Each structure stands twice: as C-alpha cells, then as structure tokens.
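In what follows, a single structure is set out as structure tokens and then discussed.
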Amino acid sequence: MICLFFDTSSDLLKVSLIKDNKFIFDKELHTKNDHSSYLVPTIDEAFKSNNIDFKELDEIIVGNGPGSFTGTRISIAVAKTYAFSFNIPVYMISSLEELIYDNDGYDFYVPIIEEKKENLYFSIFDKDKKRVMDDTYSSTEYMYKKLEELDGKILLISLSDKEYEKYDTVKASINALNIMKNIDVNNEKVNPHLLKPNYIKKIEAEAKL
C-alpha cells in the first residue's frame with residue numbers, strides 16, 4: 001500500500017509518502033503564498049527519490065481546508081489531476097482535523113489555524129477524536145466563548161507558536177501516518193469530480209452567535 005498525502009491550506013506545505021505503513025518521504029516547507037511553485041516539484045521529489053512510479057500509488061489523501069483560499073484550491077487541483085490521470089482513489093480531510101491525531105490524554109482537542117490579526121480557524125473534537133463542532137472562522141474571543149461551554153480538560157493545537165491563556169497549548173505536528181489510519185476508518189473515498197476546497201468566509205452574523 002502506497003499513500004500520498006499533501007496539504008497547502010496554510011503557510012505550511014506538507015507532503016508525505018507512505019509505503020506499507022512507514023514513511024518513505026516526509027517534508028515540510030514554509031512557502032507562504034508560493035505553494036503553486038513548490039507542491040508538484042516536492043511530490044515529484046517524493047516519488048523519484050524512492051524510485052516509485054505514480055502508477056504504483058494506491059490512494060491520495062488531501063487536506064481541503066479551511067485556510068488560504070488560494071492554497072486549498074492548489075491542493076484540490078493537484079489531487080484532481082493525479083486522480084484522473086492515474087485512476088487513484090482520493091480521500092479528503094479537514095486541514096484542522098489533521099492536527100489532532102498526534103495528541104492524547106485530554107477531553108477535548110481544539111485545532112487552530114491562525115489568520116491575520118485576531119482571526120482564526122478552529123474546530124472541536126472530543127476525547128475519542130470525534131467532531132463536536134464544525135470548522136469555524138471567527139475571532140479569538142468567539143473561540144474562547146465556545147471553549148467556556150466545554151466541561152473537561154482542553155488542549156489547543158496550533159500551527160503557530162502562539163500561546164493561549166487559560167488553556168494548554170501545543171504546536172501542531174501533521175502526522176500523515178496517523179491521518180491515513182484514521183481516514184481508512186472514518187472517511188469515504190471521494191469522486192474526483194466532487195473534490196472541492198473547504199473555504200469558510202467570515203459572516204457579519206458570527207459575532208451574534
């Protein structure tokens with residue numbers, strides 16, 4: 001089994017290639033707004049450095065956001081191209097959900113992708129890593145209000161080095177091997193025609209929720 005994972009929804013570009021439940025390529029690049037120049041070359045590097053042909057690939061897992069509108073569109077476009085060209089099954093996963101699978105010991109997990117100023121994307125998962133809140137784009141203040149409603153030990157998981165008051169915070173690690181194991185259990189394969197970025201726009205009514 002050979003699995004390709006990639007995500008370009010944030011400033012971080014992540015590409016992993018897994019064979020028989022082991023990493024054979026795992027690379028992160030902080031390319032900010034230039035993911036389009038690096039994603040395909042990095043994927044090519046993953047295959048060429050391991051002497052693997054794309055026709056040997058068994059599945060693709062792609063992060064579909066939320067996050068950068070341009071970044072999520074790049075990932076989805078590349079996933080569609082490979083899926084159609086080589087007839088490869090594709091799974092989509094939330095770019096927030098990706099962040100939770102390297103952590104244990106808490107009642108709730110709150111993955112965060114920071115945006116400009118005090119805005120961010122976040123979601124909430126329970127101790128069994130089951131979703132209890134949809135991916136949301138909001139202010140930090142609104143996130144705190146939602147966290148105050150939870151009864152239990154909370155871990156915030158952030159792609160940045162930012163610390164959040166009152167709560168344990170760790171810097172996120174995107175472990176494609178753990179993602180692959182959970183994808184196989186929780187997610188269905190997606191028709192490539194139905195692949196789409198999960199881009200969440202802030203709405204004026206959000207502050208009233």
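The values are calculated or read from the model by the stated rules, or taken from the named source; none is laboratory data. In this text the structure is predicted, and so the values were computed from the model without any measurement. Methodologically, a virtual Cβ is constructed for each residue, glycine included, from the backbone with ideal geometry; neighbour enumeration extends over all protein chains shown.
To keep it simple, each residue is scored yes or no on (1) of a type in the set (Val, Ile, Thr); (2) in the same structural domain as Tyr137 (by TED's automatic domain parsing); (3) modelled with pLDDT of 95 or more.
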{"residue": "Asp20", "(1), (2), (3)": "no, no, yes"}
{"residue": "Asp26", "(1), (2), (3)": "no, no, yes"}
{"residue": "Asn51", "(1), (2), (3)": "no, no, yes"}
{"residue": "Ser85", "(1), (2), (3)": "no, no, no"}
{"residue": "Glu115", "(1), (2), (3)": "no, yes, no"}
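For Val132, are the conditions met, namely being surrounded by fewer than 18 Cβ atoms within 10 Å (Cβ to Cβ), touching a residue at least 24 places away in the same chain (Cβ under 8 Å) and either closer than 11 Å to Ile112 by Cα or over 22 Å from the mean Cα position of the chain (by Cα) (or both)? Please lay out each step first, then the result.
Details: surrounded by fewer than 18 Cβ atoms within 10 Å (Cβ to Cβ): yes; touching a residue at least 24 places away in the same chain (Cβ under 8 Å): yes; either closer than 11 Å to Ile112 by Cα or over 22 Å from the mean Cα position of the chain (by Cα) (or both): no.
For Val132, the condition - surrounded by fewer than 18 Cβ atoms within 10 Å (Cβ to Cβ), touching a residue at least 24 places away in the same chain (Cβ under 8 Å) and either closer than 11 Å to Ile112 by Cα or over 22 Å from the mean Cα position of the chain (by Cα) (or both) - is not met.
Any chance you could count how many residues in the range 96-115 are of a type in the set (A, V, I, L, M) and over 17 Å from Ser9 (Cα atoms)? Write out each step before concluding.
First pass over the range 96-115, keeping only residues of a type in the set (A, V, I, L, M): 96, 99-100, 110, 112-113.
Those left that are additionally over 17 Å from Ser9 (Cα atoms): 110.
Residues in the range 96-115 being of a type in the set (A, V, I, L, M) and over 17 Å from Ser9 (Cα atoms): 1 in total.
For the subset of the range 35-59 comprising residues that are of a type in the set (D, E, K, R) and over 18 Å from the mean Cα position of the chain (by Cα), which member is surrounded by the most Cβ atoms within 10 Å (Cβ to Cβ)? Reasoning before the result, please.
Looking only at the range 35-59, we keep the residues that are of a type in the set (D, E, K, R), and these are 44-45, 48, 53, 55-56, 58-59.
With the extra rule that they be over 18 Å from the mean Cα position of the chain (by Cα), the set shrinks to 44-45, 48, 53, 55-56, 58.
Values: Asp44: 12, Glu45: 15, Lys48: 11, Asp53: 10, Lys55: 9, Glu56: 12, Asp58: 12.
Restricting to residues being of a type in the set (D, E, K, R) and over 18 Å from the mean Cα position of the chain (by Cα), the top hit is Glu45.
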